[in-house]
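In what follows, a structure is listed as structure tokens, so that the remarks can point back to it.
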Amino acid sequence: MTSAPFERAPPLSPNFLDTLGSLENEENVVAWINEVLDVDEGTPSGADLNAMDKQVSQLIASLDVASEDLSLQLEHLIDDVSRSSSRLPYDLHFMRDSAFSLQGALNALTSRSDSSFSAESSQALATLHNLDTIKAHMETARDVLREAESWSTLESEVSSLLSEQSYEKAAEKLSEANKSVVVFQNTSDYEHRRALMVSLQNQLEASLSSALIAAINSHDLAVCRNYYTIFCNIQRDSEFRTYYHGSRRSGLISMWQDISLTDVGDPVPSPGTSPAQPFATFLSTFFTSFLATLNTERTSISAIFPDPQTTLSTFITSTLSSLQPTFAQRLSALSNHLGPSSLIELIAAFQVTEKFAVAADKILERTERSTANALLSPPESAAATPETTPLSRQNSRRKSNRMSISRRMSMSYTNKSFAASGSGLDWEQDLFEPFLEFQVEYSTLEKRLLKASLQNMAGDASTSDQARLLRERSVDVFSLAESSLERVLSFTHGYGVLGLIRAVDEFFQTFISSSQTALANTGAAGRQLPSSSSGENVTDLDYTDDDWSEIQTWLHLLESLRTVLERENLFEVKLRAVLLQVAASFRSMEQDLLGTAYIPGTTRGEVQLLTQSVLNSADLHALLKEHEPESRAPSQDNIPRPSASRTTSGVQKGVLLSQSRAAVAAFTTMCQTSLQAAMLAPLRRYLDSYDSLPLWTAHPSDSRQRRTGASATSEAQVPTFSLSPSDIMQHVAEGLLNLPRLFEVYAADDVLAFSMETLPCVDMELLDSLVEAPREPQPMHARRQSMSVKAQVPTTLPQRESFSPEAIESVWLSSLGRSLVEHLTATVLPKIRSLTAAGAAQLVSDLGYLSNIIGALNVESEALEKWKDAAALDEERGVKKLSEGANDPSLVQVAKMRGWAAVM
């Protein structure tokens, strides 16, 4: 076996010396050595290392010899320069003298020339110039006469060639005529000759039309290419494309026209024909055939036209514009026929169209790549026509620059570059523009769909359990709302998210308000509370079975409302996630290095339409900027904290669904008001007859006799503090003091903690004092502390505030006391018709006693104090205060009850 070290090294190339001379301008020495050694970078390493080592040794020896030769030549050059440097001053002096001698000779020659120049010479030169001009004009006239002669025989020659079917020669004649017709532009024969040329072009086109259509239908690419050259010679490029596109799209046009659709109001097809189909289903079949045609035409068009990508794009555009009825008309018919549910079918059709656009874009991308490769490496035998050569060279330079840039970029950007170039054509806008009208009206369409779905929602409106009905319907409502999140991304790619928020907000508000209205119309007939629910410790309270049933009903409704609000909070979390997704998509488009607006799953043309539409508003970008991760505020709780900023409707600022939250707050307030009315029902029943007590019209003697049982000997009024409260007021006071026992029944139920800031007559200062200040997150096993709120645990879901049972009881007792006092001062007391001095004293006693009782419940009432002070005044002081302009409604009412002359 022969050993590798004995292999003979390959000799250096014959032009090694020339290669050695190129080392002077070579910056990369390693590349130069590899080129001299003829190293193939694709050869596996270690293949011929010994031979290469010998070759390197040979190269080093050659370089040493060359270096020695170069050094020797440099020494000879330095010696020659040293020997000739001593003669340099002499040579310079000699050159200076010679220059002075030449200058003198030139001056002498110039003076002699000026003296010999005469008028005859000038005249001779002018004559020669005129003769040259005449010659040029005569040559031009000769060319014109030749062109005129050719025009005189043009019609006969072209007709003869057409009869002989020599279409190429006829086209060449007409091409020459088109070039020469410019000569007659300012003459009277121009229009005549122009009309003659057009007529001959029409004859040639008519002669070729039948054969052209036959060649197109038979896919004879060579003949089509030849005919295309002929049409280009007679300036009929657009007519040829019209013939070609019209023939190729005929099957698609027929398919579009002959179909019968079920959801656009088409008549029922006759028996034996194709059955009717939904529009989205037919559109999928139609676009599948369209893509098959494009795949076939990609090869054919590339073989015929010099600009296959533009031609293929024009084919798509011409096909879409030839559809009858148009794409936009069918979408409008779909929307009108289906009504509110049309949005779902529009989205289905839009998604099918997007899939077609992406697939067509890839076909155009492959067409561009094939064209770029063909222009970068044209076949040697291919001869470009005069019409296509400039375009080919221009495209070649453009594509080569594109490819050179793509080699320096990553593969991902290369693919995106081709995708962008393939999609930046008009066909995409023609395809998606019919949908733009509906995309702009997305908010209205979504509102219609949600409203219709809410009206068609199943539910037993006659059931007595309104709380259960509310919970069950809310499940369907939020399922519908969550499906709208998918629709806004599918149909508008996030550009319609602002309209979505408005539509969903109105949808939730309508659902909650309608539920509240239905509850008000049907009444609050609830389930009976079990006998053991009230407990033995409250059996002595004056609640009837109906009262317990009412309390139970409104508690269940509050629980259902809390569930609804929790589901709304969860939906808002998902809605914010959609906003983040859209914001990230917009931000990625803004930061795209290639500057191409691109969204996965669609094309750039569609995104451009959305970007230029009214959906791309400043409000949309402000909303997205607000919810970007770096600027987004923390998620809000389901019910705003008392210390947080609130609007008059009780909804926290910054929430997305403000109207629906206001509706929830209004519904909650109604339920809480009704619950309080049920809790205060026994006390209100006592107060129903309070205004008609005979005490108010009693005289002092009658009052004393009732208290002492003896006749009075003095007419002096009994001091207020000596009077006892009336029986009704005592019952009311005892009922207020027994209210804490009522809350013992619901101590384990935290539904009373729900939305306490919307309680009627709530003391916000008391509620604020019970809210725990923010603190560091506690471990998950931390116990709930009394009279405080749990520390919030970071989570993706909003957390509900949790008050201690004592705090809940304190707030509710305060609210109940305020509500009862407001009912007394605003409704009961103004009904008292007449009030004697003794009656006024009794009223002062009752109100003072009630004031002490409600004070134990942390309740203070300014209105109650005003009634008590007004009832305590005698006529003189009362009239004086009235005359001084005291604007107190309670004082005016007491004055009327007392019959003071100042107000009679």
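Of everything in segment 704-736 that is surrounded by 14 or more Cβ atoms within 10 Å (Cβ to Cβ) and among the aliphatic types (A, V, I, L, M), the residue that is modelled with the lowest pLDDT is Ala712.
Could you tell me which of the residues Arg193, Arg225, Arg142 is farther than 29 Å from Ile301 by Cβ, surrounded by 12 or more Cβ atoms within 10 Å (Cβ to Cβ) and among the basic types (Lys, Arg)? I'd like the intermediate steps shown before the answer.
On the way: Arg225 fails: farther than 29 Å from Ile301 by Cβ; Arg142 fails: surrounded by 12 or more Cβ atoms within 10 Å (Cβ to Cβ).
The unique qualifying residue is Arg193.
The residue of segment 280-303 that is nearest to the chain's Cα centre (by Cα), among those that are within 18 Å of Asp361 (Cβ to Cβ) and among the aromatic types (Phe, Trp, Tyr), is Phe287. Return yes when Ala303 is assigned to a helix (DSSP H, G or I), out of contact with any strand residue (DSSP E or B) (no Cβ under 8 Å at 6 or more places or on another chain) and touching a residue at least 40 places away in the same chain (Cβ under 8 Å) and no when it is not. Criteria met by Ala303. Among the residues of segment 737-773, not one is of a type in the set (Phe, Trp, Tyr), assigned to a helix (DSSP H, G or I) and modelled with pLDDT of 85 or more.
Could you please give the count of residues in segment 260-314 that are within 26 Å of Ala348 (Cβ to Cβ), at pLDDT below 85 and of a type in the set (S, T, N, Q)? Here the count works out to 2.
Residues checked against (1) out of contact with any helix residue (DSSP H, G or I) (no Cβ under 8 Å at 6 or more places or on another chain); (2) at pLDDT below 90; (3) more than 14 Å from Leu723 (Cβ to Cβ); (4) part of a helix (DSSP H, G or I):
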{"site": "Leu835", "(1), (2), (3), (4)": "no, yes, yes, no"}
{"site": "Ala841", "(1), (2), (3), (4)": "no, no, no, yes"}
{"site": "Val844", "(1), (2), (3), (4)": "no, no, no, yes"}
{"site": "Tyr849", "(1), (2), (3), (4)": "no, no, no, yes"}
{"site": "Leu857", "(1), (2), (3), (4)": "no, yes, yes, no"}
{"site": "Glu865", "(1), (2), (3), (4)": "no, no, yes, yes"}
{"site": "Leu873", "(1), (2), (3), (4)": "no, yes, yes, no"}
{"site": "Glu876", "(1), (2), (3), (4)": "yes, yes, yes, yes"}
{"site": "Lys880", "(1), (2), (3), (4)": "yes, yes, yes, yes"}
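None of Arg587, Arg527 is modelled with pLDDT of 75 or more and of a type in the set (Lys, Arg) except Arg587.
When the residues of segment 237-268 are filtered to those that are in contact with a helix residue (DSSP H, G or I) (Cβ under 6 Å, 6 or more places away or on another chain) and in a loop (DSSP other than H, G, I, E, B), which remaining residue is surrounded by the fewest Cβ atoms within 10 Å (Cβ to Cβ)? So the residue we want is Gly265. Residues in segment 153-183 that are out of contact with any helix residue (DSSP H, G or I) (no Cβ under 6 Å at 6 or more places or on another chain) and of a type in the set (Gly, Ala, Ser): Ser156, Ser159, Ser160, Ser163, Ser166. The combined condition, being farther than 23 Å from Ser674 by Cα, part of a helix (DSSP H, G or I) and touching a residue at least 12 places away in the same chain (Cβ under 8 Å), is not fulfilled by Ser815. Trp32 meets each of the listed conditions (1) at pLDDT 80 or above; (2) surrounded by 10 or more Cβ atoms within 10 Å (Cβ to Cβ); (3) not aliphatic (A, V, I, L, M) apart from (1). Is it the case, given these coordinates, that Pro700 is out of contact with any Leu (no Cβ under 8 Å at 6 or more places or on another chain), at pLDDT below 90 and buried (at least 19 other Cβ atoms within 10 Å of the Cβ)? Spelling it out, it is not the case that Pro700 is out of contact with any Leu (no Cβ under 8 Å at 6 or more places or on another chain), at pLDDT below 90 and buried (at least 19 other Cβ atoms within 10 Å of the Cβ).
Scanning segment 193-237 for residues that are closer than 21 Å to Val182 by Cβ and among the polar types (S, T, N, Q) turns up Ser199, Gln201, Asn202, Asn233, Gln235. Residues that are part of a helix (DSSP H, G or I), exposed (fewer than 12 other Cβ atoms within 10 Å of the Cβ) and not hydrophobic (A, V, I, L, M, F, W, C): does segment 166-179 have at least one? Yes, segment 166-179 has at least one match. Of everything in segment 860-899 that is of a type in the set (Ser, Thr, Tyr) and crowded, with 16+ Cβ neighbours inside 10 Å, the residue that is nearest to Gln842 (Cα to Cα) is Ser890. Of all the residues in segment 215-226, those that are part of a helix (DSSP H, G or I) and in contact (Cβ under 8 Å) with a residue 60 or more places away in the chain number 3. Among the candidates Arg225, Arg248, the residue that is within 23 Å of Pro325 (Cα to Cα) and basic (Lys, Arg) is uniquely Arg248.
The values are calculated or read from the model by the stated rules, or taken from the named source; none is laboratory data. Not measured: the values here are computed from a predicted model. Cβ atoms come from the backbone with ideal geometry, glycine included; neighbour counts cover every protein chain shown.
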